[in-house]
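Worksheet: one structure, shown below.
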Amino acid sequence: MVSAGPEVVVTGMAWATALGEGLQEVWQRLCSGTTGVGDQASPHRLRTERVAAVPSPAYRPGGREAWDRQVALAVRTMTAALRDAGVAADDGRLTLLPGTSFDARIDCEDPPQDWAVAAARQLGHRRRPLVVTTACSAGADSLLLARALLREGDGEGIFLAGGVDVLTEAKRLGHSALGTMSPTGLRAFDVAHDGMTLGEGAGFLVLEGAAAARRRGARVYATLSGAGSANDASGLTAPDPSGRTVTAAVRRGLAGSGSVPGDVAVICAHGTGTPLNDEVEAAAVQRLFGCVGTGPAAVVFGTKGALGHSLGATGAIEAVATVLALREGLVPPLHGLSTPLPGLSLRLPRGGPEKAHGTRGISLTLGFGGFNTCLLFDSEPPTGIEPSTAVPSGSGGRTPPLPLAVAGHATRSVADPASCTRNRPSFYADPVAWLIVSAAEEALAPCREEVLAEPDEVAVLVTNDGRALPTHLRIARDTARGRVSPLRFAGSNPGILAGLTCLTLGLRGPSLVLEADPDDAADVATALAGHWLHTGQARYVLWAGYRQDGDACTATCVVLRAGTPDDDGAADDGAADDGADGAGLARKLLTDPPTADAVQRP
């Protein structure tokens, strides 16, 4: 389905990587095959001390040091992206939308304050940022969310979207315990691949509506023509071996612009170098793009052999790399690739860059918690209003979308979220995630059979205020002792707040976790849910909100569907809420949930 809405363009870009910070400086080093990987001593015993660290601010162990570096890297890279776009940090149209995995929260038992708020203040921006926390897909999901909000908002506003993540001792201990780090070096899609190399960095892109960009005379790097996501619903760390959800994410990303696989010239792969991830991604890419016609085959590349795996920043850094590859018509080599995996017949640059033929490219990310995201870029500037958004003269704008309707809702309030883990599988998932699962199961009570009939078309969206989860504090204490449980580390990923609901209920639609003020979260969530529903990416959206007030931990879940012209927007059994539409009812339930420790149903 070609989704309605204004075109979204990239008008500014910046990154900070182990190879430097200048756009062309880093690009030339990538194309020459240079790597930023080196040794970084640790006070702890690790699987490897090889990392890809940014030159400045220099790496220092310690929780407060990690927090300072996270803020500094974010401020410097966001400043550069805004300068590149010619946008002021205090512009009233600007929204900051960074993504991250853990930031520094699992290294600090008592973080000074929200790192994103601190970064915004140093930047000179007054509003609290919206923060996406979908593990390794966070940077890409930040761009996906910004695009959705611009298209739902008629292209008004400017978004600074991307990701930032720094190396910390907790992350090094956790990935060492999981066995994901390679002792020999990252070799994506190579028969000798044996793991990843941790990295750090930041990447930010300025996104705005094409018409607004033209009005202010902005330079346009590319169009973000499509974005799609899907959840594996198969495990906390390992991908779905079938690769079906990677394929679904790509198809959703292409469908938004009416593109087909044969239109894609460049593929920036996630390419972690871990055997299972590489094999799943290679099979999915081959299945989609291996036999698309007689033209030049798409070129597959990746950046992690040179830049390391920067976790929540990687999707944004690789979005910048994808745009540059399309603009330059050149794709950098896969560092460390010698003998490609059998069955992968697409072009894989080795030893030097290869030319790309075409204007469209995708960037893929596969994150812990099952988050798969595809971004589609086009280096050709948009030519005007899309046919799907054209409206008769004098109509006052594009046709408004159908309303939202509430199919079910429930609220669970407990003193201790750990009470929700009784008689549950031993996933070591954070207890708050189990509280959200409990609320989701109760909300589905009146509509479970209908909603779960097609689990590939059910989306999950979780909003929260960003405070540390119980497991984060436990890992911070364990890190100080030099030992982190691999299962607890996997189950503490902030994306688990949505990932566990997907896993438990088998939901493989789009999914996202957002940290924000409750009112901002409500605005964003209703817009994103409407976008998913009205563009056909989902039939139902489970929107869950978590908050902690004093000793009460509360999760509210609302099941949303696209309404019809006859809907009054209230709950499906007619229990209206003062005539509010479905979005209004959902907002009220999520921002002012019932305080009683009881299930609330329509």
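Beta carbons closer than 6 Å, at least 6 apart along the sequence or on distinct chains, pair a first residue in region 208-221 that is over 21 Å from LEU326 (Cα atoms) with a second that is crowded, with 16+ Cβ neighbours inside 10 Å for ALA211/GLY155; ALA212/GLY155. Within region 342-362, being touching a residue at least 60 places away in the same chain (Cβ under 8 Å) and more than 27 Å from the chain's Cα centre (by Cα) holds for PRO342, GLY343, GLY351, GLY352, PRO353, HIS357. Beta carbons closer than 8 Å, at least 6 apart along the sequence or on distinct chains, pair a first residue in region 149-177 that is on the phi > 0 side of the Ramachandran plot with a second that is acidic (Asp, Glu) and surrounded by 24 or more Cβ atoms within 10 Å (Cβ to Cβ) for GLY155/GLU7; GLY155/GLU208; GLY157/GLU208. In region 72-88, the residues that are within 10 Å of VAL164 (Cα to Cα) form Cβ pairs under 8 Å with partners that are buried (at least 20 other Cβ atoms within 10 Å of the Cβ) and among the β-branched types (Val, Ile, Thr), at six or more places apart or across chains, as follows: LEU73/VAL54; LEU73/VAL164; LEU73/VAL166; ALA74/VAL164; THR77/VAL164. When the residues of region 471-519 are filtered to those that are in contact with a strand residue (DSSP E or B) (Cβ under 6 Å, 6 or more places away or on another chain) and among the hydroxyl-bearing types (Ser, Thr, Tyr), the one that is nearest to GLY584 (Cα to Cα) is SER511.
Of all residues in region 234-263, those that are open to solvent by 10 Å² or more (accessible area, probe 1.4 Å) and of a type in the set (A, V, I, L, M) total 5.
Residue count for region 264-285, restricted to those that are under 17 Å from ASP232 (Cβ atoms) and either touching a residue at least 40 places away in the same chain (Cβ under 8 Å) or buried (at least 24 other Cβ atoms within 10 Å of the Cβ) (or both): 14.
If only residues of region 162-212 that are small (Gly, Ala, Ser) and closer than 18 Å to VAL75 by Cβ are counted, the one that is surrounded by the fewest Cβ atoms within 10 Å (Cβ to Cβ) is GLY203. Could you grab me the full set of residues in region 37-70 that are under 14 Å from THR479 (Cα atoms), in a loop (DSSP other than H, G, I, E, B) and of a type in the set (D, E, K, R)? Of everything in region 37-70, just one residue is under 14 Å from THR479 (Cα atoms), in a loop (DSSP other than H, G, I, E, B) and of a type in the set (D, E, K, R), namely ARG45. The residues on offer are ALA66, ALA74, ALA116, and the sole one that is crowded, with 23+ Cβ neighbours inside 10 Å and closer than 17 Å to LYS171 by Cα is ALA66. Applying the set (1) in a loop (DSSP other than H, G, I, E, B); (2) touching a strand residue (DSSP E or B) at 6+ places or on another chain (Cβ under 7 Å) to GLU318 leaves exactly one unmet item: (1).
Residues that are free of Cβ contacts under 8 Å to residues at least 12 places away in the same chain and either part of a strand (DSSP E or B) or among the acidic types (Asp, Glu) (or both) within region 404-460 comprise just one, GLU449. Applying the set (1) of a type in the set (A, V, I, L, M, F, W, C); (2) modelled with pLDDT of 95 or more; (3) under 22 Å from ASP165 (Cβ atoms) to ALA265 leaves exactly one unmet item: (3). For region 8-24, check the following and say yes or no: at least one residue is free of Cβ contacts under 8 Å to residues at least 24 places away in the same chain, surrounded by fewer than 16 Cβ atoms within 10 Å (Cβ to Cβ), assigned to a helix (DSSP H, G or I) and polar (S, T, N, Q). Scanning region 8-24, I find at least one residue that is free of Cβ contacts under 8 Å to residues at least 24 places away in the same chain, surrounded by fewer than 16 Cβ atoms within 10 Å (Cβ to Cβ), assigned to a helix (DSSP H, G or I) and polar (S, T, N, Q), so the answer is yes. Inside region 497-519, residues that are aliphatic (A, V, I, L, M) and within 21 Å of PRO129 (Cβ to Cβ) make up a count of 6. Suppose the filter is crowded, with 22+ Cβ neighbours inside 10 Å and more than 24 Å from the chain's Cα centre (by Cα); does THR479 pass it? Yes: the conditions hold for THR479. Do the conditions hold for VAL260, that is, is it of a type outside the set (Asp, Glu) and farther than 29 Å from GLY235 by Cα? Yes: the conditions hold for VAL260.
Considering only residues in region 431-453 that are under 18 Å from THR556 (Cβ atoms) and among the charged types (D, E, K, R), the one that is most open to solvent (accessible area, probe 1.4 Å) turns out to be ARG448. Yes or no: region 326-336 includes at least one residue that is assigned to a loop (DSSP other than H, G, I, E, B), among the charged types (D, E, K, R) and open to solvent by 10 Å² or more (accessible area, probe 1.4 Å). The answer is no; no qualifying residue exists. The residue that is modelled with the highest pLDDT, among those in region 286-304 that are assigned to a helix (DSSP H, G or I) and open to solvent by less than 10 Å² (accessible area, probe 1.4 Å), is LYS304. Might you check whether a residue that is modelled with pLDDT of 95 or more, among the acidic types (Asp, Glu) and in a loop (DSSP other than H, G, I, E, B) occurs anywhere in region 208-228? Looking for residues that are modelled with pLDDT of 95 or more, among the acidic types (Asp, Glu) and in a loop (DSSP other than H, G, I, E, B), one finds none in region 208-228, hence no.
The values are calculated or read from the model by the stated rules, or taken from the named source; none is laboratory data. Model, not experiment: these values are computed from the prediction. For neighbour counting, all protein chains shown are included, and Cβ atoms are generated from backbone atoms with ideal geometry for every residue, glycine included. Quick note on the areas: whole protein, heavy atoms, side chains included, nothing else; ligands and nucleic acids left out. Shrake-Rupley method; radii C 1.70, N 1.55, O 1.52, S 1.80 Å.
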